[in-house]
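Notes follow once the structure below has been shown.
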Amino acid sequence: MCLTNLPDHGYPKGILALQEFYVNHTKRIRDFVTKYPSHTLVEVNIEDQDAGRKLADSFGLDDRCWTRYNSVGDRKRKAIKNLERVMK
């Protein structure tokens, strides 16, 4: 059995539990890295327009390796395309 400490609550009550889980999990990871300084923590806001560049800089890769995939805009365009196809 995998223990994740993930809250077992339904929507919408679960939103607050999930936020609390996220905050606590983030703190546990930061505490771990503080305790074991041989580990490097890279934190990047994936919603940031510069996320690809920041990841590339952190890992020594070309920033073209990092792209936005399945963004809200992508999903909206796909939904419209599918709707147009169905409506024909």
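The values are calculated or read from the model by the stated rules, or taken from the named source; none is laboratory data. Here the structure is a predicted model, which is why all the values come from computation and not from measurement. Ideal geometry is used to build each Cβ from the backbone, glycine not excepted, and the neighbour counts take in all protein chains shown. Areas reflect the complete protein model, heavy atoms only, side chains present, ligands, DNA and RNA absent. Shrake-Rupley method; radii C 1.70, N 1.55, O 1.52, S 1.80 Å.
One table, with the values for the structure above:
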quantity: Residue selected from the range 1-49 under the condition charged (D, E, K, R) and at pLDDT 90 or above, by the criterion least open to solvent (accessible area, probe 1.4 Å); calculated: Asp31
quantity: Members of the range 56-75 found to be open to solvent by 100 Å² or more (accessible area, probe 1.4 Å), modelled with pLDDT under 75 and in a helix (DSSP H, G or I), listed by number; calculated: Val72, Arg75
quantity: Matching residues, the range 34-60, being of a type in the set (Gly, Ala, Ser) and touching an Asp or Glu at 6+ places or on another chain (Cβ under 8 Å); calculated: Gly52, Ala56
